[in-house]
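Worksheet: the structure to be examined is printed underneath.
The values are calculated or read from the model by the stated rules, or taken from the named source; none is laboratory data. Just so we're clear, the structure is a prediction, and the values are computed from it rather than from any experiment. Using ideal geometry, Cβ is built from the backbone for each residue, glycine included, and neighbour counts are taken over all protein chains shown.
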Amino acid sequence: MGCGPGTITVDLAALVAPGRVLRLDVSPDPLDEARAAAERAGVPAEFGVGDVYALDLPDGSFDVVHAHQVLQHLTDPVAALREMARVCRPGGMIAVRDVDYAATTWFPLDDGLDRWLELYSRVARANDAEPDAGRRLVSWAHAAGLRDVTATTSAWCFATPDERRWWGDSWAGRATASSFAEQAVAYGLATPAGLDDIAAAWLRWRDADDGWLGMLHAELLVRVP
């Protein structure tokens, strides 16, 4: 679910080949990139556009249903989990992973990055989404009637020059030219000048020789009854 450019699902397809892997996204926009990734990897490719709340799939269609960084963007993650359970066979697994933005921390300290984190959370909640999804995964699974869960955590760490360059450049760009930036201005939560300041903060962090950033993620493996 939410395959995007397909990098994770290509790896999954290689692991389960010749088993079937269906990659779904809410938008057709990233699917051409996903198809190209599958072709380069030489794995079977099956793609489609799907609504996680109402999948056009029979009950019990799959052994595993996987979603990475998807539930945090949904207005009703509990309903999504129920639908994911519907299309998973009894005894099959749901695997989900989501970040918990409030548990993000960095060095050196920078007021611009403080403003970024506050603004990110405000934009997400203006979209009726949950930026701190990680800590809520167990409660969402329980609310969906799924009790056989195994919860774990892991972290992203950006500390080397190459890691800082990749993450810092990514967010410096997103701060001024992305749906996040457009929504921040449209919702009256930021100005273009304020977004420029946030982009500059990301570049300062990127260029700091002692720069470090960690992001906590939560995972669930759910056994479907």
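Quick notes
- Answer residue from segment 78-109, given it is in a helix (DSSP H, G or I) and of a type in the set (Gly, Ala, Ser) and is farthest from Ala124 (Cα to Cα) among those: Ala85
- Among the candidates Val43, Val65, the residue that is farther than 27 Å from Gly214 by Cα, touching a helix residue (DSSP H, G or I) at 6+ places or on another chain (Cβ under 6 Å) and in a strand (DSSP E or B) is uniquely Val65.
- The helices (runs of 4 or more DSSP H) located wholly in segment 144-218 that include 2 or more residues which are in contact (Cβ under 8 Å) with a residue 24 or more places away in the chain and farther than 22 Å from Ala103 by Cβ occupy 161-174, 192-207.
- Looking only at segment 27-50, and only at residues there that are under 24 Å from Arg86 (Cα atoms) and surrounded by fewer than 18 Cβ atoms within 10 Å (Cβ to Cβ), the one that is farthest from the chain's Cα centre (by Cα): Glu46
- A residue that is loosely packed, with under 15 Cβ neighbours inside 10 Å and in contact with a strand residue (DSSP E or B) (Cβ under 7 Å, 6 or more places away or on another chain) can be found somewhere in segment 61-80.
- Within segment 194-225, being surrounded by 18 or more Cβ atoms within 10 Å (Cβ to Cβ) and either under 30 Å from Ile94 (Cβ atoms) or among the β-branched types (Val, Ile, Thr) (or both) holds for Ile198, Leu213, Met215, Leu216, His217, Ala218, Leu220, Val222, Val224.
- Pairs, first farther than 19 Å from Pro58 by Cβ and not assigned by TED's automatic domain parsing to the domain that holds Ala85 in segment 1-27, second crowded, with 19+ Cβ neighbours inside 10 Å and of a type in the set (S, T, N, Q), C-beta under 8 Å, six or more apart: Cys3/Thr9
- Among the residues of segment 110-143, those that are assigned to a helix (DSSP H, G or I) and without any contact (Cβ under 8 Å) to a residue 60 or more places away in the chain comprise Asp114, Leu117, Glu118, Ser121, Ala124, Arg125, Arg136, Ser139, His142.
- Subset tally (residues that are surrounded by 18 or more Cβ atoms within 10 Å (Cβ to Cβ) and within 26 Å of Arg20 (Cα to Cα)) for segment 93-113: 5
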